[in-house]
1. Modelled with pLDDT under 85, in contact with a Pro (Cβ under 7 Å, 6 or more places away or on another chain) and surrounded by fewer than 14 Cβ atoms within 10 Å (Cβ to Cβ): does that describe Pro72?
2. Confirm whether Ser99 is open to solvent by less than 70 Å² (accessible area, probe 1.4 Å), modelled with pLDDT of 90 or more and not in a loop (DSSP other than H, G, I, E, B).
3. Suppose the filter is over 30 Å from Leu124 (Cα atoms), surrounded by 11 or more Cβ atoms within 10 Å (Cβ to Cβ) and modelled with pLDDT under 90; does Val65 pass it?
4. Can Thr111 be described as modelled with pLDDT of 85 or more, of a type in the set (Val, Ile, Thr), farther than 30 Å from Arg61 by Cα and assigned to a helix (DSSP H, G or I)?
5. Just wondering, is there one or more residues in segment 57-78 that are without any contact (Cβ under 8 Å) to a residue 24 or more places away in the chain, basic (Lys, Arg), over 30 Å from Ser116 (Cα atoms) and outside any loop (DSSP other than H, G, I, E, B)?
6. Output the number of the condition that Leu48 fails; it satisfies all remaining conditions of (1) modelled with pLDDT of 75 or more; (2) within 29 Å of Ser116 (Cα to Cα); (3) of a type in the set (A, V, I, L, M, F, W, C); (4) open to solvent by less than 100 Å² (accessible area, probe 1.4 Å).
7. Taking only pairs six or more apart or across chains, which ones have beta-carbon atoms under 8 Å, a first residue in segment 104-131 that is more than 14 Å from Phe41 (Cα to Cα), and a second residue that is hydroxyl-bearing (Ser, Thr, Tyr) and open to solvent by 60 Å² or more (accessible area, probe 1.4 Å)?
8. Please go through segment 1-39 and give me each residue that is open to solvent by less than 80 Å² (accessible area, probe 1.4 Å) and at pLDDT 80 or above, ordered by number.
Amino acid sequence: MMSRPPAASANNASSPPPPPTAYEGTPVTSSRSLRQLSVYFVGATCLLASTAITRRAIWRRNLRVQPKFYEPNTNPHEYFSPFHDALLALNLATMHCASIGIMALGGAMWTLDIASLKEAQAVLRRRLNYDSIYQSEDDIPTSFSQLILASGETKILPAEDESESSEKRQ
């Protein structure tokens, strides 16, 4: 016959709490996560729409090129326009690339838990150790030439007086 386990004693009540989890992120159903995922889903919707537009364009081109039932097929490409086809291909490829880029951006935002441009800038600066390089806002180079000078790759020669330079010429 099985017996009941003994009741919890006072010694068990003072046991240490379980260790905290290593990472606690935002839940998937939070408004922040859904806003990040919405960018991904907008890209996916654009990809589906551009795929449907591409299929329709190819179907219409095939209908245009195919000869009618009682027409001769000696010149099937009567309505062929290379400029029109090239422009159509460029537009469709641009739509596909833009929608895939939006999907990649949304997926990266959701994976890295970045919700705005300010957060992305802060994460990138922290990752590149930006704050230890430039201690104050005045130290940040504002032009390309200042960036080259700050890197230490160039050497600034001191300006010579005109009298010294004329003596060197003689």
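1. Against the criterion (modelled with pLDDT under 85, in contact with a Pro (Cβ under 7 Å, 6 or more places away or on another chain) and surrounded by fewer than 14 Cβ atoms within 10 Å (Cβ to Cβ)), Pro72 does not qualify.
2. Criteria met by Ser99.
3. Working: over 30 Å from Leu124 (Cα atoms): yes; surrounded by 11 or more Cβ atoms within 10 Å (Cβ to Cβ): yes; modelled with pLDDT under 90: yes.
So Val65 fits the description; yes.
4. Taking the combined requirement at face value, the residue satisfies it.
5. Checked against the condition, which is being without any contact (Cβ under 8 Å) to a residue 24 or more places away in the chain, basic (Lys, Arg), over 30 Å from Ser116 (Cα atoms) and outside any loop (DSSP other than H, G, I, E, B), segment 57-78 yields at least one hit.
6. Against the list (1) modelled with pLDDT of 75 or more; (2) within 29 Å of Ser116 (Cα to Cα); (3) of a type in the set (A, V, I, L, M, F, W, C); (4) open to solvent by less than 100 Å² (accessible area, probe 1.4 Å), Leu48 comes up short only on (4).
7. Here the result reads Asp113/Thr26, each pair linking segment 104-131 to a residue that is hydroxyl-bearing (Ser, Thr, Tyr) and open to solvent by 60 Å² or more (accessible area, probe 1.4 Å).
8. Ser30, Arg32, Ser33, Gln36, Leu37, Ser38, Val39
The values are calculated or read from the model by the stated rules, or taken from the named source; none is laboratory data. As the structure is a prediction and not an experimental result, all values here were calculated from the model. Glycine gets a Cβ as well: all are built from the backbone with ideal geometry, and neighbour counts include every protein chain shown. Surface accessibility is based on the protein's heavy atoms, side chains included, excluding ligands, DNA and RNA. Shrake-Rupley method; radii C 1.70, N 1.55, O 1.52, S 1.80 Å.
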